[in-house]
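Asks: Pasting in a structure now, in structure tokens, and then I'll have a few things to ask.
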Amino acid sequence: MALLKGFEVEMYTGTPNGDVVGLSDKIVASLASDGFVREPDSRNVEYTTAPSANYEKLLCSLLQPRQQLRSYLSKLGDYTIIPGSTLSLGGNNQFFRSDPSNSYHDFIEKTYGTKVVTASIHINVGISDLETLMRACRLIRVEAPLYLALSAASPFIDGATTGYHSTRWGVFPQTPARVPLFTSHAHHIQWVEEQLAAGTMQNVRHLWASVRPNGNGRPYDLNRLELRICDLVTDPIALLSITALLEARLLQLIENPNLDPLVSSSFTDEELIDITSANEMAAASLSLDAKLQHWQDGRTISARDWIGELYDGAILTAKQHGFSCFLSPLQKILREGNEAQQWLQLHAVGISTRNVLTQAIAATRDREIELQDKICSSVG
């Protein structure tokens, strides 16, 4: 059994020296047919990948739109893709609307300001059975801090360190403020309808939590889990390893429904929400080095060690389903650190924020070229 997977990728555009420049109007006008869409602020742009169960195809579906974007940016001038999930070098004091006539964007700007001018990865995994989907959302919700710890890539704002490894998640307005662990699909429908009636959600898209059930007819017609907590992971191999861990956990849950936190935890659902919220903030601050509280029994464990424990079981599941080679690079993240940790190490020895970012810009471009040449040229 292989699950369908797809990505929503939000990225900044700008100059090779790290300055972010809003180009989304031009990009979307020229590349909309290639899947590029606006974000509320013009300085970042989003593309989506078609769902696939095949990791090689997913890799190339991540790379090919970036190649198209880079080619188009070169026609506009000396522009490129900027890594990171926050406005690392500046510009955090002003919102640049991409669509001034969009009333939802108007609400976002007035309510949240530049806290939402971020870049990230949303991982979607197809699950058609509605109650299995709700169970999956419960499990991944309580483990979402681990995916944040693996992906953290936003230690800077306006040229300075912030004290966070994921500044994006540390300041991002999670809305509504308290989202339950939905006990059933009916519970989810009822809760969403109540939020819409109360005005705590502006529309069905306005559920900004670490994990949510998704589908074209939400909240009624749902077909996938959406993991929204991850910072932008620029290396596609690293992203696929994080995705492989997610898929392995979901396959384990499908095979053993008792992994459901409402079944296998010593805590109530309200206590689990509190534990998970605290774990998210801890992971936003220290990522892999964060001390977390385990949702099953409450023991204290580092994010790195917890992920290591999950990896030992996940690699067996991945071998059974034929994607272990895409999960194994997760070990490199645990060993060498996520992007935020690597950037902070450079910064700690005196390399300026701008130079850290310019190095990352070049490394991201070179990595894409390497993977395209090695893998995607032979994948149909």
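Asks: Hey, can you tell me all the residues within region 2-60 that are in a loop (DSSP other than H, G, I, E, B) and either in contact with a Pro (Cβ under 6 Å, 6 or more places away or on another chain) or on the phi > 0 side of the Ramachandran plot (or both)?
Replies: Within region 2-60, Leu4, Gly18, Gly35 qualify.
Asks: Let me ask you something else. For region 160-173, state whether one or more residues are buried (at least 21 other Cβ atoms within 10 Å of the Cβ), modelled with pLDDT of 95 or more and polar (S, T, N, Q).
Replies: Yes, the conditions are met somewhere in region 160-173.
Asks: Determine, yes or no, whether Ala282 is in contact with a strand residue (DSSP E or B) (Cβ under 7 Å, 6 or more places away or on another chain), of a type in the set (A, V, I, L, M) and buried (at least 19 other Cβ atoms within 10 Å of the Cβ).
Replies: yes
Asks: Here's a follow-up. Could you look through region 212-260, keep only residues that are assigned to a loop (DSSP other than H, G, I, E, B), of a type in the set (S, T, N, Q) and touching a Ser or Thr at 6+ places or on another chain (Cβ under 9 Å), and pick out the one that is surrounded by the most Cβ atoms within 10 Å (Cβ to Cβ)?
Replies: Thr234
Asks: Confirm whether Leu69 is at pLDDT 95 or above, more than 18 Å from the chain's Cα centre (by Cα), under 16 Å from Leu232 (Cβ atoms) and not charged (D, E, K, R).
Replies: yes
Asks: Of all residues in region 98-130, which are among the charged types (D, E, K, R) and either out of contact with any Pro (no Cβ under 7 Å at 6 or more places or on another chain) or under 17 Å from Asn203 (Cβ atoms) (or both)?
Replies: Correct list: Asp99, Asp106, Glu109, Lys110, Asp129.
Asks: Among (1) at pLDDT below 95; (2) surrounded by fewer than 18 Cβ atoms within 10 Å (Cβ to Cβ); (3) in contact with a strand residue (DSSP E or B) (Cβ under 8 Å, 6 or more places away or on another chain), which single condition is Ala53 missing?
Replies: (1)
Asks: A further question follows. Sort out for me the helices (runs of 4 or more DSSP H) sitting completely within region 265-380 that have 2 or more residues that are free of Cβ contacts under 8 Å to residues at least 24 places away in the same chain, touching a His at 6+ places or on another chain (Cβ under 8 Å) and at negative phi.
Replies: Qualifying helices (runs of 4 or more DSSP H): none found.
Yes or no, residue by residue, for (1) under 30 Å from Phe326 (Cβ atoms); (2) of a type in the set (D, E, K, R); (3) in contact with a helix residue (DSSP H, G or I) (Cβ under 7 Å, 6 or more places away or on another chain):
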{"position": "Leu31", "(1), (2), (3)": "yes, no, yes"}
{"position": "Phe36", "(1), (2), (3)": "yes, no, yes"}
{"position": "Glu39", "(1), (2), (3)": "yes, yes, yes"}
{"position": "Arg66", "(1), (2), (3)": "yes, yes, yes"}
{"position": "Asp99", "(1), (2), (3)": "no, yes, yes"}
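Asks: What do you reckon, is Leu196 assigned to a helix (DSSP H, G or I), modelled with pLDDT of 95 or more and surrounded by 23 or more Cβ atoms within 10 Å (Cβ to Cβ)?
Replies: For Leu196, the condition - assigned to a helix (DSSP H, G or I), modelled with pLDDT of 95 or more and surrounded by 23 or more Cβ atoms within 10 Å (Cβ to Cβ) - is not met.
Asks: Separate question: Pull up region 143-159, narrow it to residues that are touching a strand residue (DSSP E or B) at 6+ places or on another chain (Cβ under 9 Å) and of a type in the set (A, V, I, L, M), then point me to the one that is surrounded by the fewest Cβ atoms within 10 Å (Cβ to Cβ).
Replies: Only one residue fits best here, namely Ala144.
Asks: Moving on. Filter region 136-180 for residues that are in contact with a helix residue (DSSP H, G or I) (Cβ under 7 Å, 6 or more places away or on another chain), among the β-branched types (Val, Ile, Thr) and not in a helix (DSSP H, G or I) and give the result.
Replies: Within region 136-180, Ile157, Thr161 qualify.
Asks: Could you tell me whether Thr86 is within 17 Å of the chain's Cα centre (by Cα) and touching a residue at least 40 places away in the same chain (Cβ under 8 Å)?
Replies: yes
The values are calculated or read from the model by the stated rules, or taken from the named source; none is laboratory data. Only a predicted model underlies this, so the values are computations on that prediction, with no experimental measurement involved. No Cβ is skipped: glycine too gets one built from the backbone with ideal geometry, and neighbour counts run over all protein chains shown.
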